[in-house]
1. Give the residue from LEU425, LEU294, VAL413 lying farthest towards the positive end of the charge dipole for the range 126-790; charges sit on Cβ (+1 for Lys and Arg, -1 for Asp and Glu) and the dipole is referred to the Cα centre.
2. Going through the range 604-696, which trypsin sites (Lys or Arg not before Pro) have at most 13 other Cβ atoms within 10 Å and a DSSP loop state?
3. Expressed as a rounded percentage, what relative contact order does the chain have, with Cα pairs under 8 Å and six or more residues apart?
4. With the crude spin-label approximation of a point 7 Å out along Cα→Cβ, what separation in nm comes out for GLU595 versus ALA771?
5. For every other residue with a beta carbon closer than 15 angstrom to the beta carbon of GLN564, add +1 if it is Lys or Arg and -1 if Asp or Glu, then tell me the sum.
6. Just list whichever of LYS23/LYS617; LYS383/LYS548; LYS383/LYS617; LYS210/LYS619; LYS128/LYS578; LYS90/LYS210 have alpha carbons separated by over 31 Å in the model shown.
7. Enter the accessible area of ASP590 (Å², nearest 10), with the probe set to 1.4 Å and all protein chains included.
8. Tell me, what is the FRET efficiency for ALA603 and VAL257 to the nearest 0.05, using R0 = 51 angstrom and their Cβ-Cβ distance as r?
Amino acid sequence: MTKVVPLILFCLLCASSLLGQEKVTLSGYVKDASNGETLIGATVFVVETQQGATSNDYGYYSLSVDPGNYTIEFAYLGFKSIRESIVLDKNTIRNIELGESTEQLTEVIVTGEAADKNVTDIEMSVSKLDIKTIKGVPALLGEVEVIRSLQLLPGVTSVGEGASGFNVRGGSIDQNLVLLDEAPVFNSSHLFGFFSVFNPDAIKDVKLYKGGIPARYGGRISSILDVRMKEGNSKNLAIDGGIGFIFSRLSVEAPIVKDKASFIVAGRRSYIDVLAKPFLNDGLEGSILNFYDLTLKTNYNINENNRVFLSGYFGRDNFGFGNAAGFNWGNSTGTLRWNHLFNERLFSNFTVYFSDYDYRINFGEDAVNSFTWKANIENYSVKPEFTYFINPKNILRFGGQAIVYTFTPGNAVGVSEGEISDVSLDDRYAIESAAYAEVEQDIGDRFSLNYGLRLSHFNYTGKGNAYTYGEFTPGARRPVIGVQEYGQWESIQTYLNLEPRLSVKYQLNDFSSLKASYNRTSQYIHLISNTTASTPVDVWTPSTNNIKPQIGDQVAIGYFRNFQNNTYEFSSEFYYKKMQNIVDYIDGADLLLNEFLEGDLLAGEGRAYGWELQAKKSKGTFTGWVSYTLARTERQVQGINQNNWYPSRFDQLHNLSINGFYDINDRWSVSGTFVFNSGTPTTFATSRYEQQGYVVPHNAIDTRNNVRIPNYHRLDIGATLKGRKKSPDDKWVGDWVFSIYNIYNRRNPFSIYFRQDGDRVLPDAPTTTEAIQLSVVGSFIPSISYNFKFQ
């Protein structure tokens with residue numbers, strides 16, 4: 001971080017050199033008039049100069065012009081625009097509140113800002129889901145789901161139902177940085193992937209970067225999912241909630257001091273175990289099967305130049321089988337942010353956050369015979385960020401970040417007949433830091449750039465032992481040939497990487513554009529998992545003297561076109577991504593509670609390439625979108641698949657999503673979603689041995705992912721009956737939501753395994769085996785839920 005201050009000074013000098021004649025600045029915040037929430041990406045447009053600005057992640061805008069009289073238009077999709085005549089003879093602060101449009105709003109808002117933003121904005125490979133879109137998608141058990149909604153977009157996939165996380169453009173789930181109010185969330189799923197940790201009643205904005213990642217983001221090589229929480233209603237009390245088949249939710253938001261301070265508290269709790277309790281017996285009476293989460297946030301406007309935010313998330317999944325066994329896992333985050341205006345052009349945000357993910361496993365009915373295991377990853381971070389609005393055509397962003405990690409791979413204690421055996425592993429420590437600068441620049445009326453550089457540094461430190469391993473032999477773990485002990489925070493291994501970023505847009509005309517991007521990203525922490533899908537007990541580990549950081553290079557090019565006054569949108573993107581130092585495993589790798597885990601790991605290369613298409617209708621009574629991705633993702637690792645390229649476990653050639661929404665009248669609306677995904681690869685034995693009546697599978701030619709499970713497809717439908725207020729003064733409104741998940745009863749395979757026939761084998765007769773297909777969801781699932789609002 002010693003390089004941050006010189007870099008900031010350099011950026012300020014560059015910014016000052018770009019300033020021309022003396023200008024005046026119009027600045028302020030754009031908010032929702034109904035609740036005081038700031039609006040991200042609202043447009044502020046100067047009619048006379050045909051130039052404008054957009055509000056940032058905190059609703060702040062700044063626009064510099066020559067002194068004079070101007071007509072300023074404030075706009076946000078779904079809200080009434082406001083046009084004002086303003087005399088700008090000095091720096092002027094204008095905070096604006098926009099009211100929702102009385103016209104019928106579309107249920108599909110994939111961009112919440114200007115209707116043509118997908119064409120005119122420099123961003124590409126970016127998807128932004130409005131919460132209204134997410135709530136309109138038919139969902140499992142009728143519950144609104146953020147992560148599953150993302151999987152309906154091009155380039156975003158999952159290996160199947162019951163799989164945690166998501167995959168973006170051929171990357172693994174640990175290559176996605178998931179941020180909740182800037183704090184990382186290391187496991188974004190409840191109930192093994194069926195639900196996400198994000199409560200929709202507390203979420204304001206969801207933005208996914210698949211490519212063209214700006215320099216202000218770093219730490220992962222595939223994607224950034226930036227989730228922003230609501231700030232809380234600063235106008236009046238508002239209560240939202242829902243009652244469903246398996247869980248209910250409730251959120252309360254209200255002003256603490258009207259228009260100055262507010263809060264929101266949102267909670268969810270499942271009750272499968274409560275419903276099942278009367279039917280449990282034979283030692284399962286005390287079984288636990290539930291998840292819960294609590295999301296909360298408050299903010300305070302100190303004055304025009306200072307505002308503070310405090311937010312947190314606490315969630316947990318609990319599975320217990322009587323008193324004999326159980327396991328649980330959960331995330332905890334806390335974020336403190338301070339927005340400060342140095343002047344009308346220089347906006348700053350200072351963030352301090354805490355994040356922790358842990359899981360626990362226990363076996364045994366008493367203290368005499370038991371086993372307990374706890375593991376976690378914990379980190380603390382400080383992150384200063386600055387935005388300098390040079391002029392309407394130039395914006396400079398710069399800042400830095402420092403993160404301190406503590407990895408606990410396993411505190412494990414077993415007790416057998418009262419004898420204690422401690423098999424715990426030592427904690428690991430690391431410090432990650434970065435500094436960045438990026439410029440967003442318009443050159444003329446048609447050409448725009450976003451270019452930047454990020455310098456990242458990683459320091460793997462003690463306290464602990466660092467091992468040196470011998471040469472790799474195919475099919476065998478590497479032997480330990482040396483060990484050295486290090487003291488607390490003593491440096492063991494350091495890495496330094498430059499990460500250039502570039503995005504380019506050429507505006508062909510008012511309704512079409514060409515875009516291209518390149519980004520290099522570095523990832524210093526790794527998820528150790530050799531299962532088909534991530535599990536809650538997977539282990540996070542830092543880059544070490546034996547594990548190098550992953551490096552990703554991605555290029556993308558796209559064509560964007562709108563039709564009929566932005567009613568229809570079309571996009572086509574090609575991408576190619578190269579990945580270095582991808583972690584893989586020897587056959588039979590021992591990943592859990594293994595002090596010499598690094599001897600079982602392999603490093604290789606990866607590549608992913610594809611074509612993404614999307615067509616969307618965003619206006620009218622019938623709306624929706626169609627997404628299609630043609631893609632490949634492959635790996636090459638020494639010692640695997642005879643050193644040849646092989647498909648990764650989440651490689652899917654075809655991904656198709658069709659989503660439709662229809663408003664029958666002002667109360668009834670219906671929706672449908674169809675999904676088709678190519679089957680994912682898996683490894684089958686190529687031969688077998690038989691010994692004493694038992695079959696031993698064998699991969700004679702050392703192939704990896706040599707077959708594919710059958711294709712995945714599913715159709716969901718939903719309907720919503722909107723409530724009516726009995727009188728204008730009625731504050732209660734309730735909606736009924738009906739849905740059927742997997743309507744044609746498709747048993748989509750999650751995996752396939754082989755089982756030996758249990759019957760006794762006759763002498764000289766061959767032993768028979770059969771393939772078993774595992775389907776997580778084996779039938780259609782109807783649901784009814786009731787959502788309500790009091791305001």
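1. Of the options given, the answer is LEU294.
2. ARG667
3. Worked out over the chain, it gives 11 percent.
4. Roughly 4.3 nm, to one decimal.
5. Around GLN564, the surrounding residues sum to +1.
6. Distance filter (> 31 Å) returns LYS23/LYS617; LYS383/LYS617; LYS90/LYS210.
7. Estimated to the nearest 10 Å², ASP590 gives 70 Å².
8. The formula returns an efficiency of 0.40 here.
The values are calculated or read from the model by the stated rules, or taken from the named source; none is laboratory data. Remember, predicted model here, so these are calculated numbers, not experimental data. Reconstructed Cβ throughout: ideal geometry from the backbone, glycine too, with neighbour counts over all protein chains shown. Remember, those area values only see protein heavy atoms, side chains included, never the ligands or the DNA or RNA. Shrake-Rupley method; radii C 1.70, N 1.55, O 1.52, S 1.80 Å.
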